[in-house]
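In what follows, a structure is listed as structure tokens, so that the remarks can point back to it.
The values are calculated or read from the model by the stated rules, or taken from the named source; none is laboratory data. Not measured: the values here are computed from a predicted model. Note that we place each Cβ from the backbone using ideal geometry, even for glycine, and neighbour counts take in every protein chain shown.
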Amino acid sequence: MESLRAQLKDSRDQAEDNTAYSFHMADAGTDAMEREKVYLMIARQQKYIGYLDRALERIKNKTYGVCRVTGKAISKERLEAVPHTEISIEAKLKQKES
């Protein structure tokens, strides 16, 4: 997260340093697109960290590995594939059908 934020800050600093006469419009568009991509990566990382924080909370509460929809144990294979999951494959498939 810190490296992404540093990259974003560097990009903004460079954009402020360039004047309208020394900077091409296409370059400005590319820079804006790169900044947007970094914003999206930051948002994705924050979302993933939130999932991990909730998983740690479930471990603390001794509810880790229990499906929040069915109340049944989540399979070991599912937890290995998606360690932060809150629902079983059965519940996930029902979600997709809805």
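General observations
- Meets criteria (over 30 Å from Asp10 (Cα atoms), assigned to a helix (DSSP H, G or I) and assigned by TED's automatic domain parsing to the domain that holds Met1) for Arg44: no
- Among the residues of region 49-93, those that are over 30 Å from Glu2 (Cβ atoms), surrounded by 16 or more Cβ atoms within 10 Å (Cβ to Cβ) and among the β-branched types (Val, Ile, Thr) comprise Val66, Ile74, Ile87.
- Any hit, region 31-40, residues being among the basic types (Lys, Arg), assigned by TED's automatic domain parsing to the domain that holds Ser3, assigned to a helix (DSSP H, G or I) and at pLDDT below 90: yes
- Scanning region 50-75 for residues that are assigned to a helix (DSSP H, G or I) and touching an Asp or Glu at 6+ places or on another chain (Cβ under 9 Å) yields Tyr51, Arg54, Ala55, Arg58.
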